[in-house]
(Lines give C-alpha, C1' and ligand atoms only; values in the text may rest on other atoms or scores of the structure.)
Protein backbone atom coordinates (compact mmCIF):
# COMPACT_ATOMS: atom_id res chain seq x y z
CA UNK A 1 0.00 0.00 0.00
CA UNK A 2 1.41 3.39 -0.95
CA UNK A 3 0.32 6.92 -0.30
CA UNK A 4 1.38 8.43 -3.62
CA UNK A 5 -2.22 9.51 -4.17
CA UNK A 6 -2.65 10.86 -0.66
CA UNK A 7 -3.95 14.32 0.03
CA UNK A 8 -1.29 16.97 0.49
CA UNK A 9 -1.64 17.12 4.27
CA UNK A 10 -0.43 13.49 4.46
CA UNK A 11 3.02 14.64 3.33
CA UNK A 12 3.33 17.07 6.22
CA UNK A 13 5.46 15.67 9.02
CA UNK A 14 4.71 16.55 12.62
CA UNK A 15 8.22 17.99 13.05
CA UNK A 16 7.91 20.52 10.20
CA UNK A 17 9.27 18.54 7.26
CA UNK A 18 7.27 18.07 4.10
CA UNK A 19 7.91 14.80 2.25
CA UNK A 20 6.22 15.34 -1.14
CA UNK A 21 8.78 14.30 -3.73
CA UNK A 22 10.75 11.95 -1.50
CA UNK A 23 10.84 8.51 -3.12
CA UNK A 24 11.37 6.91 0.29
CA UNK A 25 8.31 8.56 1.82
CA UNK A 26 6.15 7.95 -1.24
CA UNK A 27 6.36 4.17 -0.71
CA UNK A 28 6.23 4.15 3.11
CA UNK A 29 3.23 2.16 4.31
CA UNK A 30 2.21 5.01 6.62
CA UNK A 31 2.44 8.76 6.84
CA UNK A 32 4.02 10.66 9.68
CA UNK A 33 0.60 11.31 11.17
CA UNK A 34 -0.57 7.67 10.82
CA UNK A 35 2.54 5.85 12.01
CA UNK A 36 0.84 5.01 15.30
CA UNK A 37 -1.74 2.88 13.48
CA UNK A 38 0.80 1.21 11.18
CA UNK A 39 2.97 -1.74 12.14
CA UNK A 40 6.33 -0.06 11.57
CA UNK A 41 8.16 -1.65 14.48
CA UNK A 42 8.89 1.67 16.19
CA UNK A 43 7.65 5.23 16.39
CA UNK A 44 9.38 8.54 15.82
CA UNK A 45 10.04 10.24 19.18
CA UNK A 46 8.66 13.52 17.80
CA UNK A 47 5.41 11.76 16.87
CA UNK A 48 5.17 10.31 20.38
CA UNK A 49 5.87 13.71 21.96
CA UNK A 50 3.21 15.45 19.85
CA UNK A 51 0.65 12.84 20.86
CA UNK A 52 1.57 13.28 24.54
CA UNK A 53 1.13 17.06 24.18
CA UNK A 54 -2.11 16.63 22.17
CA UNK A 55 -0.94 18.78 19.25
CA UNK A 56 -1.26 18.15 15.52
CA UNK A 57 2.31 19.30 14.87
CA UNK A 58 5.26 20.80 16.72
CA UNK A 59 4.55 24.38 15.69
CA UNK A 60 1.38 24.28 17.81
CA UNK A 61 3.09 23.00 20.95
CA UNK A 62 3.51 25.42 23.88
CA UNK A 63 7.06 24.06 24.36
CA UNK A 64 8.07 24.81 20.74
CA UNK A 65 10.92 24.60 19.91
CA UNK A 66 11.85 21.91 22.41
CA UNK A 67 15.20 20.21 22.85
CA UNK A 68 13.97 17.10 21.01
CA UNK A 69 13.10 19.09 17.90
CA UNK A 70 16.32 21.10 18.09
CA UNK A 71 18.28 17.85 18.31
CA UNK A 72 16.46 16.31 15.31
CA UNK A 73 17.08 19.42 13.22
CA UNK A 74 20.74 19.57 14.21
CA UNK A 75 21.44 16.01 13.02
CA UNK A 76 21.54 17.27 9.43
CA UNK A 77 21.29 21.03 9.87
CA UNK A 78 17.81 21.15 8.35
CA UNK A 79 15.11 23.83 8.49
CA UNK A 80 12.30 21.89 10.18
CA UNK A 81 12.05 24.37 13.09
CA UNK A 82 11.51 27.36 10.83
CA UNK A 83 9.10 25.29 8.74
CA UNK A 84 7.06 24.27 11.81
CA UNK A 85 6.82 27.93 12.81
CA UNK A 86 5.60 28.88 9.34
CA UNK A 87 3.03 26.06 9.46
CA UNK A 88 1.66 27.33 12.78
CA UNK A 89 1.50 30.88 11.44
CA UNK A 90 -0.14 30.35 8.04
CA UNK A 91 -1.99 27.03 8.44
CA UNK A 92 -1.67 23.63 6.83
CA UNK A 93 -2.85 24.40 3.31
CA UNK A 94 -0.68 27.46 2.64
CA UNK A 95 2.23 25.84 4.44
CA UNK A 96 1.99 22.73 2.23
CA UNK A 97 2.29 24.90 -0.89
CA UNK A 98 5.25 26.77 0.58
CA UNK A 99 6.97 23.66 1.97
CA UNK A 100 6.62 21.70 -1.28
CA UNK A 101 8.84 24.26 -2.98
CA UNK A 102 11.43 24.16 -0.17
CA UNK A 103 12.23 20.43 -0.62
CA UNK A 104 13.11 20.22 3.08
CA UNK A 105 13.38 16.43 2.99
CA UNK A 106 16.52 16.40 0.84
CA UNK A 107 18.87 16.78 3.84
CA UNK A 108 16.53 15.78 6.65
CA UNK A 109 16.87 13.01 9.18
CA UNK A 110 13.85 10.83 9.93
CA UNK A 111 14.02 7.98 12.44
CA UNK A 112 11.48 6.02 10.42
CA UNK A 113 14.10 5.58 7.70
CA UNK A 114 15.83 3.09 9.95
CA UNK A 115 12.78 0.83 10.15
CA UNK A 116 13.73 -2.62 8.84
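The values are calculated or read from the model by the stated rules, or taken from the named source; none is laboratory data. Predicted model only: the values in this text are computed from it and were never measured. We place every Cβ from the backbone using ideal geometry, glycine too, and count neighbours over all the protein chains shown.
Brief remarks follow.
- Tally, over region 28-51, of residues that are more than 18 Å from residue 104 (Cα to Cα) and either at pLDDT 95 or above or in a loop (DSSP other than H, G, I, E, B) (or both): 11
- Restricting attention to region 49-72, the residues that are within 10 Å of residue 14 (Cβ to Cβ) and under 12 Å from the mean Cα position of the chain (by Cα) total 6.
- Filter result for residue 83 (out of contact with any helix residue (DSSP H, G or I) (no Cβ under 8 Å at 6 or more places or on another chain), surrounded by 12 or more Cβ atoms within 10 Å (Cβ to Cβ) and assigned to a helix (DSSP H, G or I)): no
- Within region 52-78, the residues that satisfy the criterion of being modelled with pLDDT under 90 and either in a loop (DSSP other than H, G, I, E, B) or surrounded by 15 or more Cβ atoms within 10 Å (Cβ to Cβ) (or both) are 72, 73, 75, 76, 77, 78.
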